[in-house]
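The values are calculated or read from the model by the stated rules, or taken from the named source; none is laboratory data. Here the structure is a predicted model, which is why all the values come from computation and not from measurement. FYI the Cβ positions are ideal-geometry reconstructions off the backbone, even for glycines, and counts take in every protein chain you see. What goes into the accessible areas is simple: the full protein's heavy atoms, side chains included, and nothing from ligands, DNA or RNA. Shrake-Rupley method; radii C 1.70, N 1.55, O 1.52, S 1.80 Å.
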Amino acid sequence: NSPIFIEFEYEIAQQLDNVRIGFRLLNNEGIVAFSSVDTDPIGGGTTRPPGTYISRCCIPPNTLNWGNYYVTAAADHPLQEQLFLEESIISFTVELTGGAGASIPDNRLGIFRPVLDWEIQKTQ
C-alpha cells in the first residue's frame, strides 16, 4: 500500500555527456516487469558535470502484484555505449496486504496489480 523508491547515489569524476542512469525490475521468474531511466519521459542522455548525484524513482503504491522482485542497475550513453550493468543488486518482496484482489486471497495473476476504475451499469 506504500510507494516503493529506487534510489541511486553516484559520483561523477569528470563531465559526462549524453548519460543516463536507470534500472530494470525483474520478478522471481526473471521476467522484466519494466525498465526506467532518470531522463524519462524523453529517455535521452543529459550532460552531468563532476559531482555527487542522487537519481530517485517512485513506483506508485499498488502497482506491483505480490512476490519477489530484483533490481538491475545500469548507466549508458543511449544507443552508443553501456557504462555499467549490475544484475540483481537488490531484492525486495511485495506482500499481499491491500489493493486490488487483497481483500480475498485469490492469487491474481500477473506482475502488476493496479487498482483500476470500474463501472457497473444495469441496462435493463
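In table form, for the structure just shown:
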{"quantity": "Of all residues in the range 60-77 being open to solvent by less than 20 Å² (accessible area, probe 1.4 Å) and at pLDDT 95 or above, the one that is nearest to LEU25 (Cα to Cα)", "calculated": "VAL71"}
{"quantity": "Of residues in the range 32-57 being touching a strand residue (DSSP E or B) at 6+ places or on another chain (Cβ under 7 Å) and open to solvent by 70 Å² or more (accessible area, probe 1.4 Å), the one farthest from PHE8 (Cα to Cα)", "calculated": "VAL32"}
{"quantity": "Any pair with Cβ under 9 angstrom, 6 or more apart, that starts in the range 71-95 at a residue that is without any contact (Cβ under 8 Å) to a residue 12 or more places away in the chain and within 18 Å of PHE5 (Cα to Cα) and ends at one that is assigned to a strand (DSSP E or B) and open to solvent by 90 Å² or more (accessible area, probe 1.4 Å)", "calculated": "none"}
{"quantity": "Listing of strands (runs of 3 or more DSSP E) fully contained in the range 1-53 that carry 1 or more residues being modelled with pLDDT of 95 or more, hydrophobic (A, V, I, L, M, F, W, C) and closer than 15 Å to ALA74 by Cβ", "calculated": "4-12, 16-27, 32-37"}
{"quantity": "One residue from THR123, THR52 being of a type in the set (Ser, Thr, Tyr) and without any contact (Cβ under 8 Å) to a residue 12 or more places away in the chain", "calculated": "THR123"}
